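Down below is the structure, laid out as structure tokens.
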Amino acid sequence: MALRTSIYKTPAQLRLMVEPGRITADALAAVRENLRVGVTTLELDAIAEATIRAAGARPNFQLEPGYAHTICASVNDDVVHGIPNSRLLEPGDVVSIDCGADLGGWNGDAAFTVVLPDPTRTALVTEREALSSATERSLWAGIAALSRARHLGEIGAAIEDSLEADPQADGRAYGILEEYVGHGIGRSMHEEPPVFNYRVRGRGPAVKPGLVIAIEPMVVMGTIDTRVRDDDWTVATADGAMAAHWEHSVAVHRSGIWVLTADDGGAAGLAPFGVRPTPIP
Ligand code: MG
Ligand code: MG
């Protein structure tokens, strides 16, 4: 029987995760700069791949068996795992981009959502932007919780509480997907432990230096039931309601936390929570 590797990285291993995190952030920033009405997600995929390869890294999504692309692009009612395609992005589209880089066998993983402007449908855009910002805020609430948590279960509780305090305009609560969750990250993009985006029974593993996790709330305007499209990858809402997805890879170290996939280590996102990230020593 193979020995289970620890979910806690050594200080030297944490340092090796800084660069792949930064490259992941750069790739997503390059995608974001080019994300507008009329571009295709295949074009965005090429931009992400060029950014990652120029940094001497590899797109780690291509290491997933059967997946040939650098990003996942999930539009509108697609939640996650959307395959880049040649459809022109349209006004009002909700576009979630997920991406990761592998450098020297260490991984980064992050995602963001944007709503493309539509001057003819401002109410619809406002409602969709509220979905994305509530999801992003819940991600930062989860990361802030990590900075003081004793056990991993506190992160999901913080994400759920954040979304509960941040309902839709008509007062309905957003839905948090339960079939897909965050994860540990390191030598592999997906490692133990699972990181739930909602309250679960049990406290979960101890939060202590060396823990590196990808926190990634997937949030919907309707019910949380999903289906996988005929391409065998794309996860879409069963009711066709819009979805958003935000993700960061975050390291816990002996002096604090550091958001590996944010160019400022998470300083801006954590400021509203009174948390200051600390670079990995
Ligand atoms: Mg991801
Ligand atoms: Mg992930």
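So the values come out like this:
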quantity	calculated
Test: Thr70 is polar (S, T, N, Q), exposed (fewer than 15 other Cβ atoms within 10 Å of the Cβ) and in contact (Cβ under 8 Å) with a residue 24 or more places away in the chain	no
Helices (runs of 4 or more DSSP H) wholly inside region 1-72 that include at least 3 residues being within 18 Å of the chain's Cα centre (by Cα)	18-34, 41-54
Hits in region 51-67 - residues which are open to solvent by 50 Å² or more (accessible area, probe 1.4 Å) and either touching a helix residue (DSSP H, G or I) at 6+ places or on another chain (Cβ under 8 Å) or among the acidic types (Asp, Glu) (or both)	Arg58, Glu64
Qualifying residue in region 98-111 (condition: part of a helix (DSSP H, G or I), of a type in the set (A, V, I, L, M) and within 16 Å of ligand 1 (Cβ to nearest atom))	no
From Gly156, Gly186, residue being within 22 Å of Asp109 (Cα to Cα) and either more than 16 Å from ligand 1 (Cβ to nearest atom) or out of contact with any Ser or Thr (no Cβ under 9 Å at 6 or more places or on another chain) (or both)	Gly156
Candidates Gly202, Gly274, Gly210, Gly256 - the one that is away from ligand 2 (no atom under 16 Å from the Cβ), at pLDDT below 95 and farther than 23 Å from Thr113 by Cβ	Gly202
Of all residues in region 238-251 being aliphatic (A, V, I, L, M) and open to solvent by 10 Å² or more (accessible area, probe 1.4 Å), the one that is farthest from Arg22 (Cα to Cα)	Ala238
The listed residue being within 14 Å of the chain's Cα centre (by Cα), within 15 Å of ligand 2 (Cβ to nearest atom) and under 15 Å from Val79 (Cβ atoms), out of Met189, Met218	Met218
Qualifying positions in region 200-220 - open to solvent by 20 Å² or more (accessible area, probe 1.4 Å), touching a residue at least 40 places away in the same chain (Cβ under 8 Å) and farther than 14 Å from Val250 by Cβ	Val200, Gly202, Arg203, Gly204, Pro205, Ala206
Meets criteria (assigned to a helix (DSSP H, G or I), within 16 Å of ligand 2 (Cβ to nearest atom) and either out of contact with any helix residue (DSSP H, G or I) (no Cβ under 8 Å at 6 or more places or on another chain) or open to solvent by 10 Å² or more (accessible area, probe 1.4 Å) (or both)) for Glu129	no
Selected residue [within 16 Å of Phe112 (Cα to Cα), part of a loop (DSSP other than H, G, I, E, B), open to solvent by less than 60 Å² (accessible area, probe 1.4 Å) and modelled with pLDDT of 95 or more] from Gly186, Gly265	Gly265
Of the criteria (1) under 14 Å from Pro217 (Cα atoms); (2) open to solvent by 70 Å² or more (accessible area, probe 1.4 Å), which one Asn197 fails	(2)
Single residue of region 90-107 satisfying the filter (within 20 Å of Leu211 (Cβ to Cβ) and within 10 Å of ligand 2 (Cβ to nearest atom)) that is surrounded by the most Cβ atoms within 10 Å (Cβ to Cβ)	Gly100
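The values are calculated or read from the model by the stated rules, or taken from the named source; none is laboratory data. All values derive from a computational prediction rather than experimental measurement. Counting neighbours? That spans all protein chains shown, and the Cβs are built from the backbone with ideal geometry, glycine included. The area values use the complete protein model at the heavy-atom level, side chains included, leaving out ligands, DNA and RNA. Shrake-Rupley method; radii C 1.70, N 1.55, O 1.52, S 1.80 Å.
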